[in-house]
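Trainee: Before I ask anything, let me first share the structure, which is written out below as structure tokens.
The values are calculated or read from the model by the stated rules, or taken from the named source; none is laboratory data. Not measured: the values here are computed from a predicted model. In this analysis, Cβ positions are derived from the backbone assuming ideal geometry, glycine residues included, and neighbour counts consider all displayed protein chains. We work out accessible area using only protein heavy atoms, side chains counted, and drop any ligands, DNA or RNA first. Shrake-Rupley method; radii C 1.70, N 1.55, O 1.52, S 1.80 Å.
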Amino acid sequence: MKMHTRVGIVGAGPAGLVLSHLLHLEGIESIVLESHTREYVESRVRAGVLEQGTVDLLNAAGVGDRMRREGLGHGGIELRFNRRGHRIDFRDLTGGRTITVYGQQELVKDLIQARLDAGGQVLFEASDASIHGLETTTPQIRFCKDGEQNEIDCDFIGGCDGFHGVCRPSVPEGVLKVYERNYPFGWLGILASAAPSSDELIYANHERGFALQSMRSPSITRLYLQCPPDEDIAQWPDERIWEELQLRLAGDEGFHLNEGPIFQKGVTGMRSYVVEPMQYRRMFLAGDAAHIVPPTGAKGMNLAIADVRILSKALAAYYAAGDDTKLNQYSATCLRRVWRAQHFSWWMTSMLHHFEADGEFDYRRQLAELDYVTSSRAAATSLAENYVGFPIE
Ligand code: FAD
Ligand code: DHB
């Protein structure tokens, strides 16, 4: 089948779905293609922290109802080291800004529903997507669905297909410059039926490695442990996970880490990655398709949403008056925020993880940095303003 749309979007993750929704609000039609099933993308467990600016954007776009009811507002986080907790008070340090804990898959569910309710096209199980005609003014996306070959002629393509997608590799050799760093560890993440052990997130630096307590609801805890990057999850029976979490999250007297049945586990590697520019001709890369941050700063999903907000505004200016100034500035505008988040995520990762190649000196240096960040208002303010995020242009 042959189709035409203004913006062809590859990927129904946060970037692709928010882009399609924001374009709809601007009166610009789009089609979203997703290789997986709706059930799969709605149950994929990933991020959990939304910056203040992300929450404001989703509310203003009319997709924040359930997030406002079920999301958990947090006014700070705890940094734990030497078995002691130290609170970073976001409200106090940033003039009232906060974060909201709301599972990425819940947001994805809300966005899919909003697109379908508005008559939007989200084509699931669209396999073998490929990009063509990037040198022309009508680039095409070809894909297979229900055994049929399809082609969409587009004015523009939104490359929102994550790190392993097809859009970025479709750019001719030599155009994009890659900046990257790999870390010698990953995170083992679990969801457990247990009440969170504290009201706020706990980021712990321990000699045995990093640990993080987060949550999804008053009865579901989300916990992470630093582990080798290619760790076999079979090496981690539930008892071993709890034993390690108890050691690494041990705190002041009075702190008790609640345990409960584990119903989801997975291991994720860690990298920092940026591609420049985030555009080739009429194709714009957004979210994980263009950049990856290590998860310690909780920035990935927020960056993806900031990118597509900038892109939707640029496309709106183009369709309203033929003005392509903002489209031409898209990459530079996004990259400034991306590199800020890259630095913050690298810094949080370096301060909180155990690096095997490091010695006693480096551990002492980390403790000195944590002591500084938790005792100097200037240093704490820097962490807080980065964590809650900067306003989106
Ligand atoms: P994705 O969510 O990867 O979506 C891309 C979509 O494209 C997918 O649905 C994929 O199936 C689809 N696709 C891929 N290839 C094709 C193709 N060829 N054809 C059609 N469709 C295709 N970020 C935060 O902000 N805060 C956090 O607290 C946080 N914690 C995290 C914890 C973990 C354990 C992990 C793994 C990530 C975390 N992140 C966090 C990062 C966040 O999950 C990602 O940055 C976010 O998913 C990026 O959204 P995206 O839409 O760009 O990409
Ligand atoms: C969560 C994930 C993160 O990467 C992070 O830094 C904080 C919380 C979470 O999944 O809840």
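Trainee: Report those strands (runs of 3 or more DSSP E) wholly inside region 91-133 carrying at least 1 residues which are modelled with pLDDT of 95 or more and in contact with a Pro (Cβ under 7 Å, 6 or more places away or on another chain).
Mentor: 127-132
Trainee: Exactly one of these conditions fails for Q226: (1) in contact (Cβ under 8 Å) with a residue 40 or more places away in the chain; (2) open to solvent by less than 40 Å² (accessible area, probe 1.4 Å); (3) over 17 Å from T268 (Cβ atoms). Give me its number.
Mentor: (3)
Trainee: List the number of the failed condition for L19; all other conditions in (1) under 21 Å from A314 (Cα atoms); (2) surrounded by fewer than 23 Cβ atoms within 10 Å (Cβ to Cβ); (3) not charged (D, E, K, R) hold.
Mentor: (2)
Trainee: Looking at L79, is it in contact with a strand residue (DSSP E or B) (Cβ under 8 Å, 6 or more places away or on another chain) and open to solvent by less than 10 Å² (accessible area, probe 1.4 Å)?
Mentor: Judged against the criteria, L79 is a match.
Trainee: For the subset of region 295-331 comprising residues that are in a loop (DSSP other than H, G, I, E, B) and not charged (D, E, K, R), which member is farthest from ligand 2 (Cβ to nearest atom)?
Mentor: Checking each candidate, the answer is G322.
For every residue, the table says whether it meets (1) more than 16 Å from ligand 2 (Cβ to nearest atom); (2) touching a strand residue (DSSP E or B) at 6+ places or on another chain (Cβ under 8 Å); (3) outside any helix (DSSP H, G or I).
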| position | (1), (2), (3) |
| --- | --- |
| M3 | yes, yes, yes |
| L19 | yes, yes, no |
| H24 | yes, yes, no |
| V32 | yes, yes, yes |
| S35 | yes, yes, yes |
| V41 | yes, no, no |
| A47 | no, no, yes |
| L58 | yes, yes, no |
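Trainee: Restricting the search to region 287-340, which residues are more than 16 Å from ligand 1 (Cβ to nearest atom), among the hydroxyl-bearing types (S, T, Y) and closer than 25 Å to V388 by Cβ?
Mentor: T333, the sole residue that qualifies.
Trainee: Restricting attention to region 336-393, which residues are polar (S, T, N, Q) and open to solvent by 50 Å² or more (accessible area, probe 1.4 Å)?
Mentor: Within region 336-393, S375, S382 meet the criteria.
Condition check ((1) more than 24 Å from the chain's Cα centre (by Cα); (2) in contact (Cβ under 8 Å) with a residue 24 or more places away in the chain) across all residues:
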| position | (1), (2) |
| --- | --- |
| D324 | yes, no |
| N328 | yes, no |
| L335 | no, yes |
| A341 | no, yes |
| F344 | no, yes |
| S350 | no, no |
| D362 | yes, no |
| L367 | yes, yes |
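Trainee: Given the conditions (1) open to solvent by less than 50 Å² (accessible area, probe 1.4 Å); (2) without any contact (Cβ under 8 Å) to a residue 24 or more places away in the chain, report the number of the one that G300 does not fulfil.
Mentor: Failed condition: (2).
Trainee: Considering region 166-185 alone, what residues qualify as being within 16 Å of ligand 1 (Cβ to nearest atom) and assigned to a strand (DSSP E or B)?
Mentor: Answer for region 166-185, where residues must be within 16 Å of ligand 1 (Cβ to nearest atom) and assigned to a strand (DSSP E or B): E180, N182, Y183, F185.
Trainee: Does any residue of region 368-375 turn out to be away from ligand 1 (no atom under 16 Å from the Cβ) and polar (S, T, N, Q)?
Mentor: Yes.
Trainee: Can you spot a residue in region 202-220 that is within 11 Å of ligand 1 (Cβ to nearest atom), in contact with a strand residue (DSSP E or B) (Cβ under 6 Å, 6 or more places away or on another chain) and over 28 Å from K2 (Cα atoms)?
Mentor: Yes, the conditions are met somewhere in region 202-220.
Rundown of residues vs (1) open to solvent by 60 Å² or more (accessible area, probe 1.4 Å); (2) acidic (D, E); (3) touching a Leu at 6+ places or on another chain (Cβ under 6 Å), yes/no style:
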{"position": "F185", "(1), (2), (3)": "no, no, no"}
{"position": "G189", "(1), (2), (3)": "no, no, no"}
{"position": "A195", "(1), (2), (3)": "no, no, no"}
{"position": "L201", "(1), (2), (3)": "no, no, no"}
{"position": "A204", "(1), (2), (3)": "no, no, yes"}
{"position": "G209", "(1), (2), (3)": "no, no, no"}
{"position": "D230", "(1), (2), (3)": "yes, yes, no"}
{"position": "Q235", "(1), (2), (3)": "yes, no, no"}
{"position": "G254", "(1), (2), (3)": "yes, no, no"}
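Trainee: Might you let me know whether region 263-285 holds any residue that is more than 15 Å from ligand 1 (Cβ to nearest atom), open to solvent by less than 20 Å² (accessible area, probe 1.4 Å) and basic (K, R)?
Mentor: no
Trainee: Which numbered condition trips up L107, out of (1) open to solvent by 30 Å² or more (accessible area, probe 1.4 Å); (2) within 19 Å of A304 (Cβ to Cβ)?
Mentor: Unmet condition: (1).
Trainee: Step by step: first the residues of region 241-252, then only those that are among the charged types (D, E, K, R) and over 28 Å from the mean Cα position of the chain (by Cα), then the one that is least open to solvent (accessible area, probe 1.4 Å). Which residue is that?
Mentor: Checking each candidate, the answer is D252.
Trainee: Right, here's the next one. What are the residues in region 29-49 that are within 7 Å of ligand 1 (Cβ to nearest atom) and either open to solvent by 40 Å² or more (accessible area, probe 1.4 Å) or at pLDDT 95 or above (or both), if any?
Mentor: Within region 29-49, L33, E34, S35, H36, V41, R46, V49 qualify.
Trainee: Could I ask something else about it? Return the residues of region 142-166 that are open to solvent by less than 40 Å² (accessible area, probe 1.4 Å) and closer than 13 Å to S35 by Cα; say none if nothing qualifies.
Mentor: Of everything in region 142-166, those that are open to solvent by less than 40 Å² (accessible area, probe 1.4 Å) and closer than 13 Å to S35 by Cα turn out to be F143, C144, C160, D161, G162, G165.
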